[in-house]
Amino acid sequence: MTRFLAPDAVGPLSDEEWLKLLERSLTDRDVDGIEYPTFPDDQTQANFVGHAREAALLEAVRFLRYTLDALSAIGGPAPAECEVVDFGSGWGRITRALLRDFRPEHVIGVDPLDSMVAACRDWFAGSPVSFETVDNWPPLPQANASVDLIVAYSVFSHLPERLATAWIAEFARVLKPGGIVVATTQSRSFIDLCEQIRTDDSVGNPDFLWHQLLARSFVDAADAYRRFDAGEFLHEANGGGDSLEESLYGDSLFSGEYVTERWGHLLAPARFEDKPYDLPQAVFVLQKPTAGGAIAAGAWRADEVRVDALEQELRELRSSETWRIGQAALAPVRLARRVKDRLAR
Ligand SMILES: C[S@@+](CC[C@H](N)C(=O)[O-])C[C@H]1O[C@@H](n2cnc3c(N)ncnc32)[C@H](O)[C@@H]1O
(Lines give C-alpha, C1' and ligand atoms only; values in the text may rest on other atoms or scores of the structure.)
Protein backbone atom coordinates (compact mmCIF):
# COMPACT_ATOMS: atom_id res chain seq x y z
CA MET A 1 0.00 0.00 0.00
CA THR A 2 1.36 3.46 -0.86
CA ARG A 3 2.05 5.71 2.07
CA PHE A 4 1.33 9.41 1.96
CA LEU A 5 4.22 11.86 2.09
CA ALA A 6 5.58 12.25 5.68
CA PRO A 7 9.03 12.54 7.31
CA ASP A 8 9.24 8.83 8.17
CA ALA A 9 8.14 7.87 4.63
CA VAL A 10 10.81 9.89 2.80
CA GLY A 11 13.56 9.58 5.43
CA PRO A 12 16.46 12.04 5.78
CA LEU A 13 17.15 13.92 2.56
CA SER A 14 19.33 16.87 1.57
CA ASP A 15 17.55 19.97 0.24
CA GLU A 16 18.69 19.08 -3.29
CA GLU A 17 17.30 15.54 -3.01
CA TRP A 18 14.07 16.88 -1.55
CA LEU A 19 13.67 19.40 -4.36
CA LYS A 20 14.24 16.66 -6.97
CA LEU A 21 11.50 14.50 -5.42
CA LEU A 22 9.06 17.41 -5.30
CA GLU A 23 9.88 18.16 -8.93
CA ARG A 24 9.14 14.55 -9.89
CA SER A 25 5.81 14.88 -8.09
CA LEU A 26 4.85 17.62 -10.58
CA THR A 27 4.05 14.91 -13.11
CA ASP A 28 3.81 11.75 -11.01
CA ARG A 29 1.70 11.46 -7.89
CA ASP A 30 3.47 8.25 -6.89
CA VAL A 31 7.19 8.84 -6.41
CA ASP A 32 9.17 5.77 -5.30
CA GLY A 33 6.05 4.25 -3.72
CA ILE A 34 5.11 7.39 -1.77
CA GLU A 35 2.01 9.41 -2.57
CA TYR A 36 2.51 13.16 -3.06
CA PRO A 37 -0.15 15.90 -3.18
CA THR A 38 -1.30 16.89 -6.68
CA PHE A 39 -0.74 20.34 -8.18
CA PRO A 40 -3.12 22.88 -9.69
CA ASP A 41 -2.53 23.83 -13.34
CA ASP A 42 0.44 26.07 -14.12
CA GLN A 43 -1.71 29.19 -14.52
CA THR A 44 -3.24 28.78 -11.05
CA GLN A 45 0.20 28.15 -9.56
CA ALA A 46 1.54 31.34 -11.15
CA ASN A 47 -1.51 33.44 -10.28
CA PHE A 48 -0.86 32.74 -6.61
CA VAL A 49 2.91 32.83 -6.35
CA GLY A 50 4.20 34.61 -9.47
CA HIS A 51 5.63 31.48 -11.08
CA ALA A 52 4.95 27.77 -11.47
CA ARG A 53 6.51 24.33 -11.30
CA GLU A 54 10.28 24.05 -10.60
CA ALA A 55 10.72 27.78 -9.89
CA ALA A 56 7.83 27.78 -7.40
CA LEU A 57 9.18 24.67 -5.68
CA LEU A 58 12.74 26.00 -5.47
CA GLU A 59 11.46 29.05 -3.58
CA ALA A 60 9.47 26.79 -1.23
CA VAL A 61 12.51 24.63 -0.41
CA ARG A 62 14.68 27.71 0.19
CA PHE A 63 12.04 29.05 2.56
CA LEU A 64 11.89 25.66 4.31
CA ARG A 65 15.68 25.76 4.77
CA TYR A 66 15.46 29.29 6.21
CA THR A 67 12.68 28.21 8.57
CA LEU A 68 14.56 25.13 9.82
CA ASP A 69 17.74 27.14 10.38
CA ALA A 70 15.82 29.87 12.23
CA LEU A 71 14.03 27.29 14.37
CA SER A 72 17.26 25.60 15.41
CA ALA A 73 19.19 28.90 15.89
CA ILE A 74 16.44 30.19 18.20
CA GLY A 75 16.33 26.93 20.13
CA GLY A 76 12.81 25.94 19.10
CA PRO A 77 11.43 22.39 19.35
CA ALA A 78 12.51 19.66 16.93
CA PRO A 79 10.46 19.88 13.69
CA ALA A 80 8.88 16.47 14.30
CA GLU A 81 7.37 17.82 17.55
CA CYS A 82 6.08 21.11 16.16
CA GLU A 83 2.44 22.09 15.77
CA VAL A 84 2.56 24.13 12.58
CA VAL A 85 0.23 26.61 10.88
CA ASP A 86 0.85 27.46 7.23
CA PHE A 87 -0.84 30.86 7.23
CA GLY A 88 -2.16 31.86 3.78
CA SER A 89 -1.49 28.39 2.38
CA GLY A 90 -2.81 29.12 -1.16
CA TRP A 91 -2.45 25.98 -3.27
CA GLY A 92 -0.36 24.24 -0.60
CA ARG A 93 3.07 24.96 -2.07
CA ILE A 94 4.78 25.63 1.28
CA THR A 95 2.59 23.02 3.02
CA ARG A 96 3.93 20.20 0.84
CA ALA A 97 7.54 21.38 1.21
CA LEU A 98 7.15 21.20 5.02
CA LEU A 99 6.34 17.48 4.90
CA ARG A 100 9.94 16.27 4.72
CA ASP A 101 10.49 17.56 8.29
CA PHE A 102 7.13 18.28 9.91
CA ARG A 103 4.56 15.61 10.71
CA PRO A 104 1.46 15.96 8.49
CA GLU A 105 -0.98 15.37 11.37
CA HIS A 106 0.57 18.43 13.08
CA VAL A 107 0.35 20.70 10.04
CA ILE A 108 -2.65 22.87 9.19
CA GLY A 109 -2.96 25.21 6.22
CA VAL A 110 -5.35 28.17 6.59
CA ASP A 111 -6.56 30.57 3.92
CA PRO A 112 -9.57 32.86 3.42
CA LEU A 113 -10.18 31.52 -0.11
CA ASP A 114 -12.77 28.74 0.24
CA SER A 115 -12.01 27.51 -3.26
CA MET A 116 -8.32 26.98 -2.42
CA VAL A 117 -9.05 25.30 0.91
CA ALA A 118 -11.49 22.90 -0.78
CA ALA A 119 -9.01 22.23 -3.61
CA CYS A 120 -6.15 21.60 -1.15
CA ARG A 121 -8.30 19.05 0.68
CA ASP A 122 -8.62 17.22 -2.67
CA TRP A 123 -4.99 17.59 -3.66
CA PHE A 124 -3.83 16.30 -0.25
CA ALA A 125 -6.57 13.62 0.04
CA GLY A 126 -5.13 10.67 1.94
CA SER A 127 -2.82 12.87 4.04
CA PRO A 128 -3.55 13.78 7.66
CA VAL A 129 -2.61 17.41 6.85
CA SER A 130 -5.66 19.61 7.39
CA PHE A 131 -6.87 22.77 5.69
CA GLU A 132 -9.30 25.29 7.18
CA THR A 133 -10.93 28.42 5.86
CA VAL A 134 -10.35 31.52 7.97
CA ASP A 135 -11.94 34.92 7.66
CA ASN A 136 -9.76 37.71 6.28
CA TRP A 137 -9.56 39.05 9.83
CA PRO A 138 -8.67 37.07 12.99
CA PRO A 139 -9.31 34.78 14.76
CA LEU A 140 -7.54 31.57 13.87
CA PRO A 141 -9.30 28.36 14.93
CA GLN A 142 -6.40 27.40 17.23
CA ALA A 143 -6.59 27.55 21.03
CA ASN A 144 -4.43 29.92 23.10
CA ALA A 145 -0.75 28.90 23.32
CA SER A 146 -1.13 25.78 21.16
CA VAL A 147 1.15 26.41 18.15
CA ASP A 148 4.96 26.11 17.89
CA LEU A 149 5.52 27.52 14.42
CA ILE A 150 3.60 29.78 12.05
CA VAL A 151 4.95 30.13 8.52
CA ALA A 152 3.54 32.85 6.29
CA TYR A 153 5.32 33.04 2.95
CA SER A 154 4.25 35.96 0.75
CA VAL A 155 1.24 36.86 2.89
CA PHE A 156 2.44 39.93 4.81
CA SER A 157 3.81 40.97 1.41
CA HIS A 158 0.19 41.68 0.49
CA LEU A 159 -1.85 42.67 3.56
CA PRO A 160 -2.67 46.28 4.48
CA GLU A 161 -1.21 47.59 7.72
CA ARG A 162 -4.21 47.16 10.01
CA LEU A 163 -4.92 43.66 8.86
CA ALA A 164 -1.25 42.71 9.17
CA THR A 165 -1.14 44.10 12.72
CA ALA A 166 -4.33 42.31 13.69
CA TRP A 167 -2.85 38.99 12.52
CA ILE A 168 0.44 39.52 14.36
CA ALA A 169 -1.55 40.14 17.56
CA GLU A 170 -3.54 36.97 16.87
CA PHE A 171 -0.31 35.00 16.36
CA ALA A 172 0.79 36.20 19.80
CA ARG A 173 -2.36 34.58 21.21
CA VAL A 174 -2.05 31.16 19.55
CA LEU A 175 1.73 30.68 19.84
CA LYS A 176 3.14 28.72 22.74
CA PRO A 177 5.71 30.65 24.80
CA GLY A 178 8.94 30.40 22.76
CA GLY A 179 6.94 29.66 19.57
CA ILE A 180 7.99 31.44 16.39
CA VAL A 181 6.62 33.10 13.27
CA VAL A 182 8.66 32.96 10.07
CA ALA A 183 7.07 35.34 7.58
CA THR A 184 7.96 37.46 4.58
CA THR A 185 7.29 40.89 3.18
CA GLN A 186 8.33 42.35 -0.16
CA SER A 187 11.97 43.35 -0.34
CA ARG A 188 13.03 47.01 -0.26
CA SER A 189 14.13 46.47 -3.87
CA PHE A 190 10.46 45.84 -4.79
CA ILE A 191 10.15 49.62 -5.27
CA ASP A 192 12.84 49.38 -7.95
CA LEU A 193 11.19 46.34 -9.51
CA CYS A 194 7.96 48.32 -9.97
CA GLU A 195 9.94 51.15 -11.55
CA GLN A 196 11.75 48.73 -13.88
CA ILE A 197 8.48 47.09 -14.97
CA ARG A 198 7.18 50.59 -15.70
CA THR A 199 10.17 51.82 -17.66
CA ASP A 200 11.99 48.81 -19.12
CA ASP A 201 10.12 46.60 -21.62
CA SER A 202 12.49 43.71 -21.01
CA VAL A 203 11.39 43.48 -17.34
CA GLY A 204 8.09 41.81 -16.43
CA ASN A 205 5.38 40.28 -18.57
CA PRO A 206 2.80 42.79 -19.87
CA ASP A 207 0.17 40.01 -20.14
CA PHE A 208 0.49 39.12 -16.45
CA LEU A 209 -2.11 41.06 -14.45
CA TRP A 210 0.12 41.33 -11.35
CA HIS A 211 2.89 42.97 -13.42
CA GLN A 212 0.36 45.40 -14.91
CA LEU A 213 -0.62 46.34 -11.36
CA LEU A 214 3.01 46.68 -10.27
CA ALA A 215 3.70 49.06 -13.16
CA ARG A 216 1.18 51.37 -11.48
CA SER A 217 2.56 50.85 -7.96
CA PHE A 218 4.92 53.09 -5.98
CA VAL A 219 5.16 55.45 -8.96
CA ASP A 220 7.06 58.05 -6.94
CA ALA A 221 9.96 55.72 -6.20
CA ALA A 222 12.05 58.35 -4.40
CA ASP A 223 9.15 59.10 -2.05
CA ALA A 224 8.54 55.36 -1.50
CA TYR A 225 12.19 54.84 -0.54
CA ARG A 226 12.03 57.85 1.78
CA ARG A 227 8.93 56.54 3.52
CA PHE A 228 10.27 53.00 3.73
CA ASP A 229 13.54 54.23 5.26
CA ALA A 230 11.60 56.39 7.70
CA GLY A 231 10.02 53.19 9.05
CA GLU A 232 6.61 53.43 7.34
CA PHE A 233 4.48 50.53 6.18
CA LEU A 234 4.09 50.83 2.39
CA HIS A 235 1.01 49.37 0.75
CA GLU A 236 -0.60 49.57 -2.69
CA ALA A 237 -4.24 48.44 -2.54
CA ASN A 238 -4.15 46.41 -5.77
CA GLY A 239 -6.65 43.73 -4.76
CA GLY A 240 -6.08 40.02 -5.25
CA GLY A 241 -9.04 38.81 -7.31
CA ASP A 242 -11.84 36.59 -6.00
CA SER A 243 -12.90 37.68 -2.50
CA LEU A 244 -9.59 39.50 -1.88
CA GLU A 245 -10.91 42.98 -2.52
CA GLU A 246 -8.72 46.07 -2.67
CA SER A 247 -9.34 47.06 0.95
CA LEU A 248 -7.90 43.69 2.03
CA TYR A 249 -5.10 42.88 -0.36
CA GLY A 250 -2.37 44.44 -2.48
CA ASP A 251 1.42 44.73 -2.25
CA SER A 252 3.22 45.66 0.95
CA LEU A 253 6.69 46.23 2.26
CA PHE A 254 8.17 47.37 5.54
CA SER A 255 11.51 47.34 7.28
CA GLY A 256 12.96 45.60 10.33
CA GLU A 257 12.65 48.93 12.15
CA TYR A 258 8.93 48.95 11.44
CA VAL A 259 8.58 45.40 12.80
CA THR A 260 10.40 46.31 16.02
CA GLU A 261 8.60 49.60 16.51
CA ARG A 262 5.03 48.51 15.70
CA TRP A 263 4.92 44.83 16.57
CA GLY A 264 7.71 44.46 19.13
CA HIS A 265 5.22 44.80 21.99
CA LEU A 266 3.31 41.76 20.67
CA LEU A 267 6.13 39.38 19.72
CA ALA A 268 9.90 39.71 20.08
CA PRO A 269 11.65 40.45 16.77
CA ALA A 270 14.40 37.85 16.31
CA ARG A 271 15.52 38.42 12.71
CA PHE A 272 14.86 40.58 9.68
CA GLU A 273 16.81 39.79 6.52
CA ASP A 274 16.22 41.18 3.04
CA LYS A 275 16.38 38.39 0.43
CA PRO A 276 18.30 35.79 2.47
CA TYR A 277 19.08 32.38 0.96
CA ASP A 278 18.44 33.77 -2.55
CA LEU A 279 14.76 34.30 -1.73
CA PRO A 280 13.07 37.17 -3.59
CA GLN A 281 11.43 38.58 -0.44
CA ALA A 282 12.51 39.86 2.98
CA VAL A 283 12.07 37.37 5.83
CA PHE A 284 11.28 38.26 9.43
CA VAL A 285 11.18 36.02 12.48
CA LEU A 286 9.25 36.82 15.65
CA GLN A 287 9.21 34.86 18.86
CA LYS A 288 6.68 34.77 21.65
CA PRO A 289 8.48 35.56 24.92
CA THR A 290 8.60 32.68 27.38
CA ALA A 291 7.47 34.85 30.30
CA GLY A 292 4.29 36.92 30.34
CA GLY A 293 0.60 36.34 30.78
CA ALA A 294 -1.87 34.77 28.34
CA ILE A 295 -3.17 37.02 25.58
CA ALA A 296 -6.95 37.03 25.37
CA ALA A 297 -8.79 36.12 22.19
CA GLY A 298 -9.85 39.40 20.55
CA ALA A 299 -6.81 41.24 21.95
CA TRP A 300 -5.94 42.28 18.40
CA ARG A 301 -8.90 44.65 18.49
CA ALA A 302 -7.20 46.64 21.25
CA ASP A 303 -4.23 46.94 18.94
CA GLU A 304 -6.40 48.67 16.36
CA VAL A 305 -6.87 51.44 18.92
CA ARG A 306 -3.11 51.62 19.42
CA VAL A 307 -2.49 51.85 15.65
CA ASP A 308 -5.04 54.69 15.50
CA ALA A 309 -3.24 56.54 18.28
CA LEU A 310 0.19 56.03 16.66
CA GLU A 311 -1.11 57.22 13.30
CA GLN A 312 -2.57 60.33 14.88
CA GLU A 313 0.76 61.01 16.62
CA LEU A 314 2.60 60.60 13.33
CA ARG A 315 0.21 62.95 11.52
CA GLU A 316 0.75 65.63 14.18
CA LEU A 317 4.51 65.16 14.10
CA ARG A 318 4.54 65.39 10.29
CA SER A 319 2.81 68.73 10.31
CA SER A 320 5.19 70.19 12.90
CA GLU A 321 8.06 72.58 12.27
CA THR A 322 10.52 70.20 14.00
CA TRP A 323 9.68 67.52 11.45
CA ARG A 324 10.20 69.93 8.54
CA ILE A 325 13.61 71.00 9.84
CA GLY A 326 14.58 67.37 10.53
CA GLN A 327 13.59 66.28 7.01
CA ALA A 328 15.53 69.12 5.43
CA ALA A 329 18.60 68.23 7.48
CA LEU A 330 18.34 64.55 6.56
CA ALA A 331 17.82 65.06 2.82
CA PRO A 332 21.54 65.01 1.84
CA VAL A 333 22.11 61.88 3.98
CA ARG A 334 19.20 60.08 2.27
CA LEU A 335 20.36 61.13 -1.18
CA ALA A 336 23.87 59.82 -0.46
CA ARG A 337 22.41 56.53 0.80
CA ARG A 338 20.24 56.15 -2.31
CA VAL A 339 23.21 56.78 -4.61
CA LYS A 340 25.30 54.29 -2.62
CA ASP A 341 22.50 51.67 -2.80
CA ARG A 342 22.10 52.14 -6.53
CA LEU A 343 25.85 51.78 -7.10
CA ALA A 344 25.87 48.63 -4.97
CA ARG A 345 23.12 46.98 -7.08
C1 LIG B 1 0.87 35.15 -2.66
S2 LIG B 1 -0.15 33.90 -2.00
C3 LIG B 1 1.03 32.88 -1.17
C4 LIG B 1 0.54 31.47 -0.95
C5 LIG B 1 1.50 30.54 -0.21
N6 LIG B 1 1.85 31.04 1.10
C7 LIG B 1 2.73 30.28 -1.04
O8 LIG B 1 3.76 30.91 -0.82
O9 LIG B 1 2.65 29.44 -1.94
C10 LIG B 1 -0.97 34.74 -0.65
C11 LIG B 1 -1.98 33.89 0.08
O12 LIG B 1 -2.44 34.61 1.22
C13 LIG B 1 -3.83 34.42 1.32
N14 LIG B 1 -4.44 35.55 2.06
C15 LIG B 1 -4.92 36.69 1.53
N16 LIG B 1 -5.47 37.47 2.49
C17 LIG B 1 -5.32 36.81 3.65
C18 LIG B 1 -5.71 37.08 4.99
N19 LIG B 1 -6.36 38.19 5.31
N20 LIG B 1 -5.43 36.16 5.93
C21 LIG B 1 -4.78 35.02 5.59
N22 LIG B 1 -4.38 34.71 4.34
C23 LIG B 1 -4.66 35.59 3.38
C24 LIG B 1 -4.30 34.36 -0.12
O25 LIG B 1 -5.59 33.78 -0.25
C26 LIG B 1 -3.20 33.54 -0.76
O27 LIG B 1 -3.45 32.17 -0.71
Have a look at 80, 97, 70 and point out the one that is surrounded by fewer than 20 Cβ atoms within 10 Å (Cβ to Cβ) and of a type in the set (A, V, I, L, M). 80
When (1) more than 13 Å from the ligand (Cβ to nearest atom); (2) out of contact with any Lys or Arg (no Cβ under 7 Å at 6 or more places or on another chain); (3) under 26 Å from residue 254 (Cα atoms) are applied to residue 147, the one that fails is (2)
Which of (1) more than 13 Å from the ligand (Cβ to nearest atom); (2) not in a helix (DSSP H, G or I) does residue 110 not meet, given it meets every other one? (1)
Being within 13 Å of the ligand (Cβ to nearest atom), at negative phi, surrounded by fewer than 17 Cβ atoms within 10 Å (Cβ to Cβ) and not in a helix (DSSP H, G or I) is the filter here, so list the residues in region 36-67 that pass it. 51
Would region 201-210 turn up any residue that is assigned to a loop (DSSP other than H, G, I, E, B), away from the ligand (no atom under 12 Å from the Cβ) and closer than 27 Å to residue 86 by Cα? yes
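Return yes or no: is residue 128 in contact (Cβ under 8 Å) with a residue 24 or more places away in the chain, of a type outside the set (D, E, K, R), within 9 Å of the ligand (Cβ to nearest atom) and surrounded by fewer than 23 Cβ atoms within 10 Å (Cβ to Cβ)?
Working: in contact (Cβ under 8 Å) with a residue 24 or more places away in the chain: yes; of a type outside the set (D, E, K, R): yes; within 9 Å of the ligand (Cβ to nearest atom): no; surrounded by fewer than 23 Cβ atoms within 10 Å (Cβ to Cβ): yes.
The answer is no for residue 128.
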Just one of the numbered conditions (1) at pLDDT below 95; (2) within 15 Å of the ligand (Cβ to nearest atom) is not true of residue 74; which one? (2)
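Kindly indicate whether residue 187 is away from the ligand (no atom under 14 Å from the Cβ), of a type outside the set (Phe, Trp, Tyr), modelled with pLDDT of 95 or more and under 18 Å from the mean Cα position of the chain (by Cα).
Values: away from the ligand (no atom under 14 Å from the Cβ): yes; of a type outside the set (Phe, Trp, Tyr): yes; modelled with pLDDT of 95 or more: yes; under 18 Å from the mean Cα position of the chain (by Cα): yes.
Yes, satisfied.
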Any chance residue 89 is part of a loop (DSSP other than H, G, I, E, B), within 7 Å of the ligand (Cβ to nearest atom), at positive phi and modelled with pLDDT of 95 or more: no
Candidate set: region 76-86, residues that are of a type outside the set (D, E, K, R) and in a strand (DSSP E or B); chosen: the one farthest from the chain's Cα centre (by Cα): 84
Quick one: which strands (runs of 3 or more DSSP E) lie wholly within region 116-190 and hold at least 2 residues that are farther than 28 Å from residue 274 by Cα? 130-133
Please identify the pairs in which a residue from region 246-271 that is within 17 Å of residue 158 (Cβ to Cβ) and in contact (Cβ under 8 Å) with a residue 12 or more places away in the chain has its Cβ atom under 6 Å from the Cβ atom of a residue that is assigned to a loop (DSSP other than H, G, I, E, B) and more than 16 Å from the ligand (Cβ to nearest atom), counting only partners at least 6 apart or on another chain. 258/231
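Within region 222-234, identify whether any single residue is closer than 19 Å to residue 165 by Cα, out of contact with any His (no Cβ under 7 Å at 6 or more places or on another chain) and touching a residue at least 60 places away in the same chain (Cβ under 8 Å), and answer yes or no.
Taking region 222-234 as the starting set, the residues that turn out to be closer than 19 Å to residue 165 by Cα are 227-228, 230-234.
Within this subset, residues satisfying the condition of being out of contact with any His (no Cβ under 7 Å at 6 or more places or on another chain) are 227-228, 230-234.
Right, trim to touching a residue at least 60 places away in the same chain (Cβ under 8 Å) and you get 233.
Within region 222-234, one or more residues are closer than 19 Å to residue 165 by Cα, out of contact with any His (no Cβ under 7 Å at 6 or more places or on another chain) and touching a residue at least 60 places away in the same chain (Cβ under 8 Å).
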Which of the residues that make up region 235-270 are closer than 21 Å to residue 50 by Cβ, more than 13 Å from the ligand (Cβ to nearest atom) and more than 15 Å from the chain's Cα centre (by Cα)? 236
If you go through region 21-30 one residue at a time, how many are more than 24 Å from the chain's Cα centre (by Cα) and either in a loop (DSSP other than H, G, I, E, B) or closer than 17 Å to residue 93 by Cβ (or both)? 6
When restricted to 264, 293, the only residue among the small types (Gly, Ala, Ser), on the phi < 0 side of the Ramachandran plot and modelled with pLDDT of 75 or more is 264
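The values are calculated or read from the model by the stated rules, or taken from the named source; none is laboratory data. Note that the structure is a prediction, hence the values are computed from the model and not measured. Ideal geometry is used to build each Cβ from the backbone, glycine not excepted, and the neighbour counts take in all protein chains shown.
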